[in-house]
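Where a number appears in this text, it was derived from the coordinates with a stated rule and is not lab data. Please read these numbers as outputs of a predicted model, since none were measured by experiment. A quick note on method: Cβ atoms are made from the backbone with ideal geometry, for glycine too, and the neighbour counts reach across all protein chains shown.
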Amino acid sequence: MQRPPASLRLKMVIAGAVLWGAAAACASSGSAQRAALAQIDAALQDGEADKALALVNALPQAGANNAEAQNLECRVRFALQEWSTAASECQQAVDLDGENSDYHMWLGRALGEWADRATFLSAYSLGKRARTEFETAVRLDPRNPAALSDLGTFYKDAPALMGGGLDKAEGVADRLDSVEPARAHQLRGELGEQRKDYGAAEREFKQAVATSAHPALEWTVLASFYRRRQEWPQMESAIHSCVAATARDPAAGVALYDGAGVLIKARRDPELAAQMLEDYLAGSSKTDEAPAFVAHWRLARLLQQLGDSAGARREQVAAYALARDYKPPQEH
């Protein structure tokens, strides 16, 4: 084969070098963006809302066209209880990547929370949109346990006019049986409670504990059931079981946050609730679904209640350091 002239060979070498350099730059840029997204997610999990938002804002302009970045900002806004803003960010994530089950699930969650606080007409529209998003999340990934659970809860709580129905929720529980049995039992327990079949509800919640990979979480669900029934000795026993289960399973540390919330709502044993929150904050399994800044606020109120004003102030400062603009609701 005849070789190309030297001048042409030189041009080919230069072109190849340019293409290689562009590819390397692109790969480097992609790697940098993945690292930045990982930093945002880490800040989100640690409850550092302000840091997470600053990292989002520091992304290159291309970050505005990155579905994962939009979803992460949605989740930060969700943790801050900025429901409409969270929904807007989640909608952008879905618009950029409509095939991601989790993005639809988070949009459904944001819309659902927004609907709970809206006027009747707005709530109806937002609720229907939330149902569509949960259904889409499940259609895209039929084995997404969190999306299935959210859909089942929506069907259980929503009126028929909005697409809800207990029979639909039962169908979701059946699907959860082969995906995550503990969630199936929990959903059936909630359905039994809604039907005022409290014996069946209790049995299902106990089955959720027995079948869960992280039973500490299910103990808080059972404790919450007893709180609603005002069965205080059973509630307190379930909370102590939660604490013991968490000691054996540090990955379930979020159960300490949830269990403390049960005690706070019941207005019982503030010392134990405070200790549970302290242990949660000191642990390594924090999550954006139990925001650290909210935990600090709850702990501050408990310490104030217990007469520890200095400790309460310390926790308030810690909460502000993580999420300066968060406004804690009274129940926290």
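Which shape class applies to the range 82-164: rounded if a/c is under 1.5, otherwise prolate when a/b exceeds b/c and oblate if not, where a ≥ b ≥ c are the square roots of the Cα gyration tensor eigenvalues?
Values: a/c = 2.10, a/b = 1.18, b/c = 1.77.
Oblate is the answer for the range 82-164, as a/c is 1.5 or above yet b/c matches or exceeds a/b.
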Under Stokes-Einstein, the range 116-242 at 37 °C and 0.692 mPa s, with its Kirkwood radius over C-alpha pairs, diffuses with a coefficient in µm²/s of 216 µm²/s
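Please give me the summed charge of the neighbours of PRO145: other residues whose Cβ is under 13 Å from its Cβ, Lys and Arg +1, Asp and Glu -1.
Working: positive: ARG143, ARG175, ARG183; negative: ASP102, ASP141, ASP150, ASP177, GLU180.
Value of the local net charge: -2.
What does the net charge come to around ALA274 if you take all other residues with beta carbon closer than 14 Å to its beta carbon, with K and R at +1 and D and E at -1? Before the final figure, lay out the partial values.
On the way: positive: ARG267, ARG268, ARG298, ARG301, ARG314; negative: ASP269, GLU271, GLU278, ASP279, ASP308, GLU315.
Combined, the nearby Lys, Arg, Asp and Glu give -1.
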With a ≥ b ≥ c from the Cα gyration tensor eigenvalues, square-rooted, and the rule rounded for a/c under 1.5, otherwise prolate when a/b > b/c and oblate otherwise, the range 124-186 is oblate
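I need the shape label for the range 188-332. Rule: rounded when a/c is under 1.5, else prolate if a/b > b/c, else oblate, with a, b, c from the alpha carbon gyration tensor. Show your work: numbers first, answer last.
On the way: a/c = 2.07, a/b = 1.72, b/c = 1.20.
Since a/c reaches 1.5 and a/b is larger than b/c, the shape of the range 188-332 is classed as prolate.
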Placing each pseudo-label 7 Å from Cα in the direction of the beta carbon, TRP232 and ALA310 end up separated by a distance in nanometres of 3.2 nm
Both in Å, the radius of gyration and Dmax of the C-alpha trace of the chain are 24.0, 92
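Could you give the size of the charge dipole of the range 236-285 about its Cα centre, using +1 on the Cβ of each K and R and -1 on the Cβ of each D and E, expressed in debye and rounded to the nearest 20?
On the way: 4 positive and 7 negative charges, 29 e Å.
The calculation lands at about 140 debye.
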XL table LYS156/LYS327; LYS51/LYS327; LYS128/LYS327; Cα-Cα > 19 Å flagged, in table order, is LYS156/LYS327; LYS128/LYS327
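If you build the convex hull over the alpha carbons only and average its shadow over all orientations, what do you get for the range 35-133? Give it in nm² to one decimal. Mind dumping the intermediate values first?
On the way: hull surface 23.9 nm².
Here the figure is 6.0 nm², rounded to one decimal.
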